[in-house]
Structure formats: structure tokens, C-alpha cells
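No value in this document is a laboratory result; all are computed from the given coordinates. Since we're looking at a predicted model, the values are computed, not measured. Counting neighbours? That spans all protein chains shown, and the Cβs are built from the backbone with ideal geometry, glycine included.
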Amino acid sequence: MTADPMKVIALTGATGFVGSTLLDRALAAGHDVRALTRRPQPHRDGVSWIAGALDDHAALAALVDGADAVVHVAGAVNARDRAGFAAANIAGTEAVVDAARTAGVMRFIHVSSLAAREPALSDYGWSKTGAETVVMGSGLDWTIVRPPAIYGPRDTEMLAMFTMAARGLVLLPPAGRMSVIHAADLANLLLALVDGGRDYVGQVFEPDDGRPNGWSHRGFARALGKGVGRSVSTISMPGWLVRVAARTARIVRRDKAKLTPDRAAYFCHPDWTASASRRPPSDLWTPTVETQRGLADTAKWYRAEGWL
């Protein structure tokens, strides 16, 4: 596969965890990036910051104008209710798709979630399925990527698990299995799809760290313990207790709660492993970050930043 060494990428979600990782990788690969942002950002060579949001049609038009590819990362992982998820994940995707189609930018790479496989399980999963439906019906040259649990430097979502591991006790949902991926590996896949991915138009990929059958919840907790440099004990909570904890967190922490009733529903699902039949082909991409090393490097970054 021959990669074009220079492209203009229109990127949503560039100030978030995955998007910022992708931005760094894209610049290192020699691409120019147009990046949507709600807040003023410092100057960076190779980046054109576009002020606006997913509901700002003029900003989206400026974002995609003249781009070679759109990578849509932005979305909500937490919202007050189904309407909030719909606004961010479905309507937001519709707006980016419409802008790309109007500008004639055909290549469209959409970052979804494994949660889209189970739309009846949670409002989040329902909204990610709805966003995928928008992309699939867009008429664009689309590829959808459904990452599993993502970890790496700058991540705030999995920080709580690192913190528990550092204290020696990790609370887990009911027994199950999961896949994980380092943000750098995910970013490399997205870039591979920008550079040479037209052979994979109309496909849905579920990447992971390359570990067959993923991780058991306990096995991943032990790997986290090794990553932070201590042995850990684990407690698998019954589903009802996870749901009670989520309702309590919502009452106490309100919109700042990480564990919400909606999240509790999909946390308790027994199988969030990537499907082998949807694994990206090796001539396109393979993971390079071994998870145990990646967890240790992430813990080191958290400590250097004073997060852990």
C-alpha cells in the first residue's frame, strides 16, 4: 500500500484524549491538520485551529473546506439523558457528514465504540449505533473504527482504575472479558486509514492490543497492578451493587459523576472483546504497544503529572 506523504486532515475532537494523540501523530507524519476547538488554543505549526463546535455549521464548513479526509473523533461518553447523547453523537455526526458532503470531501473516518454493538443496553450505545447509521447512509467513502477501552497518557476515563490499583484494591463489575488498546495504536490505525485506507471503504473495524480473547476483568486489574508497581486485590461487584453505586454517584457528584446509571449498564455486560472477524488486516495495521509495557508507561506519565 502506498501512502501519500502529505494530506490535509479535518479533525474533530482534537483537544480530547484520542484526538490530541492523533493530532500529534498526524503532525509527526507530515500532515496538515484543521482542528475544531471550542476554546482558544496555542499556536502549533501545521495546525489550523477552527473555532466552533459540532452545532456550528459555518465552523464545520471552514473545517472541511479543501481537506483530503475527515476524521470524526468528537462525541460524548457521558450525558444527562438520551437527548444529550443524541445531540452530541447523532446530530453532531450528521452535521459533520453534511459538511463533508457539501464540500465534496469523500473520505470519512468515524470513531465509534464497541458499545454500538449493543444499542439496547445503554443510551450511549444507542447513540453510537445511531451515529454509525448516519455514516453508513452518507454516500461518503466511510470507514468506521470501534475501539474498545482506550488507555494512555492524558486519559481521564481510566485514571480511576489506575488510582484503585495504586491503592491495592480494584473494584470490578461482574465477571466478564474486555479488550483494550493504547491511544497511540488507535491513532496509528486512523492515520493508516487516512493515508492508504481507500481499500477499506465501507468496512467496520474493531482493533485491540492483539491479545487473543482479550482480558478477563481480574486479569486486567492484575496487569494494572503490575503497571503501577504493586500487587492488587480485586472485588467483583454484583450488577445490582454497581447500579446502586451509579445512582449514588449521580446524586452526590451530579454531572461530575464518572459512574452513571447508563455506564453501569454497559460496564456489567460480560463481553466487550473486539471481534476477530472485524480485526483490521495486518497489511493495514498491527498494534505495536504491548499492554503491560503501555500500562507501566501510562502510570509513569500520570505520576510525572501529579495525577497518580
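A few remarks follow.
- Signed unit charges on C-beta, dipole axis of the chain, positive-most listed residue Pro270, Ala192, Ala53: Pro270
- A convex hull fitted around the alpha carbon atoms of region 1-150 yields 115 Å³ per residue.
- Nearest 10 degrees, 0 to 90: helix 123-136 Cα axis against the chain principal axis: 30 degrees
- Loop-resident trypsin sites (Lys or Arg not before Pro) (DSSP state other than H, G, I, E or B) in region 61-118 with no more than 15 further Cβ atoms inside 10 Å of their Cβ: Arg80.
- Dividing the summed helix terms, -39500 (n - 2.57) for each DSSP H run of n ≥ 4, by the number of residues in the chain produces a 222 nm estimate of -12000 deg cm²/dmol to the nearest 500.
- A crude spin-label estimate for the pair Arg44 and Ala276, with each label 7 Å from Cα along the Cβ direction, gives 3.8 nm.
- Across all C-alpha atoms in the chain, the radius of gyration and Dmax reach 19.0, 55 Å.
- Computed FRET value (nearest 0.05) for Ala28 with Asp65, which takes r as the C-beta separation and R₀ as 30 Å: 0.80
- For region 55-131, the relative contact order works out to 37 percent when only alpha carbon pairs closer than 8 Å and six or more residues apart are counted.
- Straight Cα distances below 15 angstrom link Lys7 to the aspartates and glutamates Asp24, Asp32, Asp45, Asp65, Asp68, Asp195, with same-chain residues fewer than 8 positions distant left out.
- Label-point gap, in nm, between Ala245 and Arg218 - each point 7 angstrom along Cα→Cβ: 1.7 nm
- Highest-first arrangement of 293-304, 231-242, where packing means the average Cβ count within 10 Å: 293-304, 231-242
- Highest average packing first - 171-179, 91-99, Cβ atoms within 10 Å: 91-99, 171-179
- From most to least packed by mean Cβ count within 10 Å, the peptides 36-47, 274-285 give 274-285, 36-47.
- Once the convex hull of all Cα atoms in region 42-109 is built, its volume per residue stands at 101 Å³.
- Radius 11 Å from Cβ of Asn213, net charge of other residues (Lys, Arg +1; Asp, Glu -1): 0
- Distance (nanometres) between label positions extended 7 Å along Cα→Cβ at Arg82 and Thr156: 2.8 nm
- Residues in region 110-146 reached by a label modelled at Trp301 [backbone nitrogen below 17 Å; 7 Å Cα→Cβ]: none
- 25 °C / 0.890 mPa s Stokes-Einstein diffusion coefficient of region 107-241, Kirkwood radius on C-alpha pairs, µm²/s: 149 µm²/s
- For the pair Ala175 and Asp199, the difference between a 0.36 nm per residue extended length and the Cα-Cα distance amounts to 4.8 nm.
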